[in-house]
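> I have a structure I would like to understand better, so I am pasting it below and will then ask my questions one at a time.
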Amino acid sequence: MPDLGIEVLFAGRNMARMLGGLWVALRISLVSAALGIPSGILLGVVMRMKNPVTKILTRLYLEVVRILPQLVLLFLVFFGTTRMFGWNLEAETAAIIVFTFWGTAEMGDLVRGALAGIPAHQYESGAALGLTMPQIYRFIVIPQTLRRLIPLSINLVTRMIKTTSLVMMIGVVEVLKVTQQIIEANRVAHPQAAFGLYGAVFVFYFLACWPISLLAGYLEKKWS
Amino acid sequence: MKEDLLRIEHVSKSYGENRILKDISLTIHRGEVVVVIGPSGCGKSTLLRCVNGLEPIQQGKITLRGELIDGKSRKITAIRQRVGMVFQNYELFPHMTVLENIVLAPVKVQKKGRREAVEEAEKLLARVGLCGKEESYPRELSGGQKQRVAIVRALIMEPEILLFDEVTAALDPEMVREVLDVLLQLAEQGRTMVIVTHEMAFARAVADRVIFIDQGNIVEQGTPEEFFGNPKSERAKKFLRTFEFEPVSGKTAGAGSAVQSVPGI
Ligand SMILES: Nc1ncnc2c1ncn2[C@@H]1O[C@H](COP(=O)(O)OP(=O)(O)O)[C@@H](O)[C@H]1O
Ligand SMILES: [Mg+2]
């Protein structure tokens, strides 16, 4: 029976190193989400404004983020800024900047959509009861918006976690990079280890994202 | 002579170039039930929305016991507490239970004690036949039940005047009655109401006065006996005829011959 790399996975500190790499990926996405979600909420509110200038600027921002592959953004921020401005960004910092930039845009669009989805009649029936505009937002609009938004933003976080696998391209040593290093180191003794080790990465990502997806599904059902 | 509660004086309202209400004047007395009828798109909803300041008007003025109703004024929230409004599509708050829907405004706007508001809500729910639905969510209720909750939500504010905008138009026929019965009950209590409806038999029964609007004008008004029994204007006659059906001619001659008599078949 071929050696599938199980032995390598459990040898020495390999497993611990891979989990450390997973933590790097999670850290980047969680920090980016923690920064991107609040600024995305602000962006979403700005996107709802009728001002044509803010409309065009926010639209442009969203389109740029959507059109550019994340990898290009990563290269632009990590390598580009060094050449242009002489900044010497840590790879992880560059990754967080890019993911926050991306997360803010995506979250902004989710918030815009959720706010737009509250029918005008909800505002009116609140107003007809004598509620002031701040009270209408506090008791009617924001609670309904949050209910729509929480499952969507959780999905955004899982998408971010998955996309962090790109950051190894700018030299961040996350789970995938660690795994490559281990495979490289065992190339002669265990030439078939790649299958088992990448399989382990698959399981790690699954275990990290699955509970989050379950939570999103649960909240969606509860609040639909 | 009864006290004038609501005065609509020479009100005109446009959406852009479109003049929807044209120099409308109407005074509603305390305790009066006014039914507004007219073809779809003639401006009935617009009129009600102007009365509680949801739409700005371009000319004229609307006053509630002498106080100007102006959607842009800071006092508008105080006025709206005195004007109850019920919409065609209920417009309950979907994230709140029936009870929360009802006590929100008394607690947050009128600053009533929660306990007192809940007691009042339960009393009113019982009166419209919705005992035990306090903890339900709107999505768990039928259309007729939702509309009765919406009526209670307006009533609990103890408004001086109630506006109903086609409150049975979205309901299945078997639920229309349960909502109209609530309105009849309110009329018996002597409430001041403006009711927009297409239920002609109900209008006849509940109205003190019928207002017929067409193309943004009050074309005709009178007691239900006058209006339905002997409409004066051509437009009112034509409108009322749309609710009548002639027996299908040739029906008695048998289906086969009826089909043959249609040209082209
Ligand atoms: N928000 C709006 N913007 C532009 N036109 C409107 C708006 N609301 C209503 N209207 C127009 O005003 C007219 C009267 O509408 P409405 O008062 O709803 O009629 P009704 O309730 O009698 O059926 C219609 O022609 C409608 O198209
Ligand atoms: Mg209408």
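> Taking R0 as 45 Å, what FRET efficiency do you get between A:Ala185 and A:Val64 from their Cβ-Cβ distance, rounded to the nearest 0.05?
E(calc), rounded to 0.05, equals 0.65.
> Pop out the Kirkwood hydrodynamic radius of the range A:6-223 from its pairwise C-alpha distances, inverse of mean 1/r, in Å to one decimal.
19.7
> Counting every Cα pair in the range A:127-224, what percent are over 24 Å apart?
Tail of P(r) above 24 Å: 50 percent of Cα pairs.
> Could you tally the net charge around A:Thr58, taking each other residue with its Cβ under 15 Å from the Cβ of A:Thr58, Lys/Arg +1 and Asp/Glu -1?
Taking every other residue near A:Thr58 into account, the sum is +3.
> Give A:Lys221/B:Lys146; A:Lys221/B:Lys44; B:Lys72/B:Lys111 a once-over and call out the pairs whose C-alpha atoms are over 29 Å from each other.
With Cα atoms farther than 29 Å apart: A:Lys221/B:Lys44.
> Nothing charged except the Cβ atoms of Lys and Arg (+1) and of Asp and Glu (-1): what's the magnitude of the dipole of the range A:6-223 about its Cα centre? Round to the nearest 20 debye.
420
> Still on this model: Rg/Rh for the range B:122-237 to two decimals, with Rh computed the Kirkwood way over all alpha-carbon pairs.
For the range B:122-237, the value is 1.02.
> Which Cα, out of A:Leu60, A:Met49, A:Ile136, lies furthest along the positive dipole direction of the protein assembly as shown (beta carbon charges, K/R +1, D/E -1)?
Towards the positive end, the residue furthest out is A:Leu60.
> Sticking with this structure for a sec: Please report the net charge: other residues with Cβ closer than 14 Å to the Cβ of A:Trp223, K and R +1, D and E -1.
After counting each charged neighbour, the total is +4.
> Checking understanding here: applying a Kyte-Doolittle mean of at least 0.5 and a length along the axis of at least 24 Å (C-alpha), which whole DSSP H helices in chain A pass?
A:14-47, A:91-116, A:193-223
> When averaged across all projection directions, what area in nm² does the alpha-carbon convex hull of chain B cover?
Average projection, Cα convex hull of chain B: 19.0 nm².
> Here is a further query. Taking chain B as the reference, fit the longest principal axis to its C-alpha atoms, fit the long axis of helix B:143-155 to the helix C-alpha atoms, and give the angle between the two in degrees, 0 to 90, nearest 10.
40
> Using r as the Cβ-Cβ distance of B:Ser25 and B:Gln110, and R0 as 45 Å, what FRET efficiency do you calculate, to the nearest 0.05?
For B:Ser25 and B:Gln110, the calculated efficiency is 0.90.
> List, largest first, the extents of the alpha carbons of the range B:13-111 along their principal axes, each in whole Å.
Taking max minus min along each principal axis of the Cα atoms, the range B:13-111 gives 40, 31, 31 Å.
> Something else: Apply the Debye scattering formula to the protein assembly as shown, with a single equal point scatterer on each alpha-carbon and no solvent, then give log10 I(q)/I(0) at q = 0.13 Å⁻¹.
-1.17
> A further question follows. How many Cβ atoms of partner chains, on average, are near each residue of A:129-141 if near means within 10 Å of its Cβ?
5
> For the range B:12-69, what is the Kirkwood estimate of the hydrodynamic radius, computed as the reciprocal of the mean inverse distance between distinct Cα atoms, to one decimal in Å?
12.4
> Would you please give the FRET efficiency between A:Phe10 and B:Gln189, computed as 1/(1 + (r/R0)^6) with r the Cβ-Cβ distance and R0 = 60 Å, to the nearest 0.05?
Efficiency computed from Cβ-Cβ geometry: 0.15.
> Using only Cα atoms, locate the centre of the range B:1-69 and the centre of the range A:96-150, then give the distance between them in Å, rounded to an integer.
32
> Roughly how far apart, in whole Å, are the Cα centres of the range B:83-125 and the range A:169-218?
54
> Separate question: Beta carbons within 10 angstrom, averaged per residue: use that to sort the peptides A:21-27, B:18-24, highest first.
Taking the mean over residues of other Cβ atoms within 10 Å, the ranking is A:21-27, B:18-24.
> Here's another thing I want to ask about it. Give me the tail of P(r) for the range A:1-130 as a percent: Cα-Cα pairs with distance above 22 Å.
More than 22 Å apart: 57 percent of the Cα pairs in the range A:1-130.
> While we're on this one: Tell me whether the range B:43-87 comes out rounded, prolate or oblate; compute the Cα gyration tensor, take square roots of the eigenvalues as a ≥ b ≥ c, and use a/c under 1.5 as the rounded threshold.
oblate
> Of A:Gly117, A:Pro191, A:Val203, which is farthest towards the positive pole of the range A:71-224's charge dipole, taken about the Cα centre with +1 and -1 on the beta-carbons of Lys, Arg and Asp, Glu respectively?
Sorting the options by dipole projection puts first A:Gly117.
> Then there is this: In whole Å, how far is the Cα centre of the range A:49-63 from that of the range B:146-223?
Computed from Cα coordinates, the inter-centre distance equals 45 Å.
Any read-out appearing in this document is the output of simple, stated calculations on the displayed coordinates, not a laboratory observation. Since this is a predicted model, take the numbers as computed values, not measurements. When we count neighbours, we look across all protein chains shown, and the Cβ atoms used for this are built from the backbone with ideal geometry, even at glycine.
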